[in-house]
1. Select, from B:T315, B:T326, the only residue that is of a type in the set (S, T, N, Q) and more than 14 Å from chain A (Cβ to nearest Cβ).
2. Looking at (1) surrounded by fewer than 17 Cβ atoms within 10 Å (Cβ to Cβ); (2) at pLDDT 95 or above, which is the one condition that is false for A:P30?
3. Tell me which residues, restricted to the stretch A:335-355, are touching a strand residue (DSSP E or B) at 6+ places or on another chain (Cβ under 7 Å) and within 12 Å of another protein chain (Cβ to nearest Cβ).
4. For the stretch B:106-120, name all the residues that are at the interface with chain A (Cβ under 10 Å from one of its Cβ atoms) and either charged (D, E, K, R) or surrounded by 18 or more Cβ atoms within 10 Å (Cβ to Cβ) (or both).
5. In this structure, does A:G267 turn out to be closer than 23 Å to B:L211 by Cα and either buried (at least 16 other Cβ atoms within 10 Å of the Cβ) or touching a strand residue (DSSP E or B) at 6+ places or on another chain (Cβ under 6 Å) (or both)?
6. What residue, among those in the stretch B:149-189 that are under 16 Å from the mean Cα position of the chain (by Cα) and among the small types (G, A, S), is farthest from B:A78 (Cα to Cα)?
7. Filter the stretch B:292-334 down to the residues that are in contact with a strand residue (DSSP E or B) (Cβ under 9 Å, 6 or more places away or on another chain) and polar (S, T, N, Q), then identify the one that is farthest from B:I248 (Cα to Cα).
Number of protein chains: 2
Amino acid sequence: MRRVLRFGVGWALILALAVPVAASSGRDAPTKRLVLIDDDVVGLSGAPALLLQAPDVEVLGITTTSGSVWRDTATAYALRTVEIVGRTDVPVVPGATYPLLNNEAATARWEALYGRLEFKGPWTAPAPGGASGAEAGTPSPAVVPSLSIGNPVTKPSSEIAAAFLVRMVRAHPHQITLFATGPMTNIAIAQSLDPSFAANVKELVYMGGSLSPQQTLDTPAAAAFARGFLDTPRREFNIRWDPEAARIMAHGAWPKVTMVPIDPSTGTQWTRAFLGSLKPAHTPLTDALRTGLEPGFPMWDEIAAMVWLEPGIVTRAETLYIDFDTSQTAGYGDTLSWQAADSPHLGERAQTVVLRVDRAKMETAMRALYMRRIRR
Amino acid sequence: MRRVLRFGVGWALILALAVPVAASSGRDAPTKRLVLIDDDVVGLSGAPALLLQAPDVEVLGITTTSGSVWRDTATAYALRTVEIVGRTDVPVVPGATYPLLNNEAATARWEALYGRLEFKGPWTAPAPGGASGAEAGTPSPAVVPSLSIGNPVTKPSSEIAAAFLVRMVRAHPHQITLFATGPMTNIAIAQSLDPSFAANVKELVYMGGSLSPQQTLDTPAAAAFARGFLDTPRREFNIRWDPEAARIMAHGAWPKVTMVPIDPSTGTQWTRAFLGSLKPAHTPLTDALRTGLEPGFPMWDEIAAMVWLEPGIVTRAETLYIDFDTSQTAGYGDTLSWQAADSPHLGERAQTVVLRVDRAKMETAMRALYMRRIRR
């Protein structure tokens with residue numbers, strides 16, 4: 001014990017070489033909340049930057065998956081994110097490139113039968129006249145475009161995401177919050193690798209699914225997004241990319257699950273005013289956010305991060321049984337939800353579904369996190 | 001020609017014996033709008049009473065179908081309705097008792113897999129302690145309970161609904177508005193009987209389907225109904241009772257289709273105030289409405305009737321391609337909708353979808369119709 005105290009720095013260094021994550025936790029108070037982020041990282045918004053900036057949170061690693069972009073692009077974004085926030089000690093671990101069962105040809109066939117999908121991640125056709133190397137429509141999973149937030153110089157872990165997730169949860173049973181803000185492919189594989197994986201996580205928080213979202217804000221951008229809800233209230237991309245993985249996730253024996261679907265996002269929006277308010281901080285993070293973020297989009301993954309960090313922002317939530325449609329029909333990937341009395345109880349479980357958040361409270365808390373200057 | 005003019009009354013009588021409907025139109029100005037009502041009639045609300053009261057409308061007949069109640073009960077309600085409004089000259093023609101493919105055992109099996117259905121028409125289990133003879137949960141299609149609005153003394157037509165529909169449309173090609181406010185079984189059979197049926201109708205107006213309804217009114221009843229939309233925004237009973245028939249309807253070559261889904265109903269509600277406002281008329285119709293109608297329910301079929309009679313009440317509508325899910329999965333009977341560019345174009349057609357109506361304007365027009373004293 002004395003040796004540890006005396007040679008604290010050296011001990012941390014040894015641990016850093018052996019188990020980088022443990023070192024990272026070791027250097028802070030042991031009361032930190034442990035979190036694993038699994039994400040199809042794009043840009044600097046989303047869960048990673050917020051969770052990395054949170055003072056009482058220890059990010060054990062970021063696992064990446066294809067989704068909005070191919071896995072390798074998500075990995076590059078994740079690496080660049082930890083560089084910008086100065087946390088290159090946090091491992092970035094590449095995960096699944098393809099969904100479990102879904103594929104591009106099946107998606108084209110599905111569209112012929114059931115209608116055009118607005119967004120298909122990297123299978124989205126490039127906009128006519130769009131710049132080559134655009135993130136959507138990237139032909140090959142291995143092609144990583146030049147990132148708007150700069151290209152990373154650091155390298156990802158050589159471990160496989162699902163194996164890393166299993167290893168971390170075994171090392172910290174019942175202590176880790178699993179934070180999933182992309183398709184569920186890595187999570188489902190981890191569940192398959194280790195049947196006790198879900199039960200040994202402390203809780204799962206995820207952004208995904210859609211119940212019955214409605215336009216809340218009176219802006220042109222909000223109206224444009226709302227137009228989509230009218231025809232597809234139950235469709236959300238994270239789930240639609242890999243419905244089978246989402247169903248495996250939904251059937252997991254997680255001690256606690258918090259779902260952040262599309263619904264609360266309709267009350268939020270990235271605005272120039274919010275981005276402008278970050279200016280005084282002048283950190284690499286706030287500078288990159290201000291210049292790299294396109295206003296007008298709703299907040300999605302950020303809500304999930306903030307709901308977990310500041311539960312007081314939730315103004316409406318319901319406990320619902322949740323599953324996802326894996327039938328190869330019009331409803332493929334649609335969210336299924338029930339009150340307890342209506343649920344078929346065929347493996348689906350109760351989840352806390354966040355339906356509404358206090359936008360002002362959330363933005364205040366987000367601003368404080370983004371502007372936080374971390375002394376290391 | 002002169003003979004016709006001279007013996008006008010006799011001619012009308014001959015036609016009345018041969019083609020009762022023509023007689024009915026004959027006695028009014030030829031500019032009347034012709035309408036056929038196909039409905040799972042329950043009570044006095046809904047489309048029949050409103051259309052029968054409309055001064056510029058000639059109801060050629062009311063065909064009945066199972067839906068909210070069994071066909072025979074709907075027939076009894078339709079007969080009682082024409083008695084109350086003093087229009088026993090309008091034929092009531094019984095239609096389909098069972099859906100095309102759906103059945104009670106399949107519904108039970110579906111519920112075991114995909115969750116409890118809140119309302120199943122006559123397959124709904126009677127509420128514990130509910131009175132025997134209740135409309136829901138009636139064990140046998142032939143058992144007609146005692147009607148809250150009194151039992152009819154008149155008899156239905158001996159014709160079959162679908163055959164009657166085909167005959168009427170052939171007699172008045174491109175002149176009839178087909179008004180469907182129940183499940184689509186009779187309509188689908190008529191389409192199958194006569195491939196030109198849909199194209200020879202002037203237009204189809206129907207109440208059915210659901211896109212993305214949201215609570216609009218701040219009342220306990222509205223909140224209770226809205227709770228259901230959260231889990232099943234795409235489910236509506238008329239369609240869910242007979243999804244295959246609905247799909248056949250959706251693929252018909254109607255010159256024009258107006259869909260009134262659940263969505264606009266959230267801005268409406270039967271209230272004691274509205275029912276009370278009918279009191280001064282003291283007609284058999286207003287008296288029966290005031291005493292027989294339970295306040296709190298949204299308006300459904302009434303919106304369809306009023307949208308057709310007073311198009312100015314529509315405050316939001318969209319042209320969408322509409323179909324219905326007939327896969328034997330969680331989405332069985334769900335409404336499918338697309339903008340033109342997204343639609344698979346596999347038989348589904350453009351429909352005018354009513355999303356919002358002006359409640360005050362609608363109630364004013366409804367009140368005037370209900371209170372109208374018809375001199376015959």
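1. Details: B:T326 fails: more than 14 Å from chain A (Cβ to nearest Cβ).
From the options B:T315, B:T326, the qualifying one is B:T315.
2. Among (1) surrounded by fewer than 17 Cβ atoms within 10 Å (Cβ to Cβ); (2) at pLDDT 95 or above, A:P30 violates only (2).
3. Of all residues in the stretch A:335-355, those touching a strand residue (DSSP E or B) at 6+ places or on another chain (Cβ under 7 Å) come to A:335-340, A:343, A:348-355.
The answer is A:T335, A:L336, A:S337, A:W338, A:Q339, A:A340, A:S343, A:E348, A:V353, A:L355.
4. First, pick out the residues of the stretch B:106-120 that are at the interface with chain A (Cβ under 10 Å from one of its Cβ atoms): B:110-118.
Within the stretch B:106-120, B:W110, B:E111, B:Y114, B:G115, B:R116, B:L117, B:E118 meet the criteria.
5. yes
6. In the first step, residues of the stretch B:149-189 are kept if they are under 16 Å from the mean Cα position of the chain (by Cα); the result is B:161-162, B:165, B:176-188.
With among the small types (G, A, S) added as a condition, the list becomes B:161-162, B:180, B:182, B:188.
Numbers: B:A161: 13, B:A162: 16, B:A180: 14, B:G182: 13, B:A188: 21 Å.
Step by step, filter the stretch B:149-189, then rank; the result is B:A188.
7. Going through the qualifying residues, I end up with B:T315.
This table checks each residue for (1) surrounded by fewer than 18 Cβ atoms within 10 Å (Cβ to Cβ); (2) charged (D, E, K, R).
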residue: B:A171; (1), (2): yes, no
residue: B:G182; (1), (2): no, no
residue: B:A188; (1), (2): no, no
residue: B:Q191; (1), (2): no, no
residue: B:F197; (1), (2): no, no
residue: B:G209; (1), (2): no, no
residue: B:A221; (1), (2): yes, no
residue: B:R234; (1), (2): no, yes
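The values are calculated or read from the model by the stated rules, or taken from the named source; none is laboratory data. Since we're looking at a predicted model, the values are computed, not measured. Cβ atoms come from the backbone with ideal geometry, glycine included; neighbour counts cover every protein chain shown.
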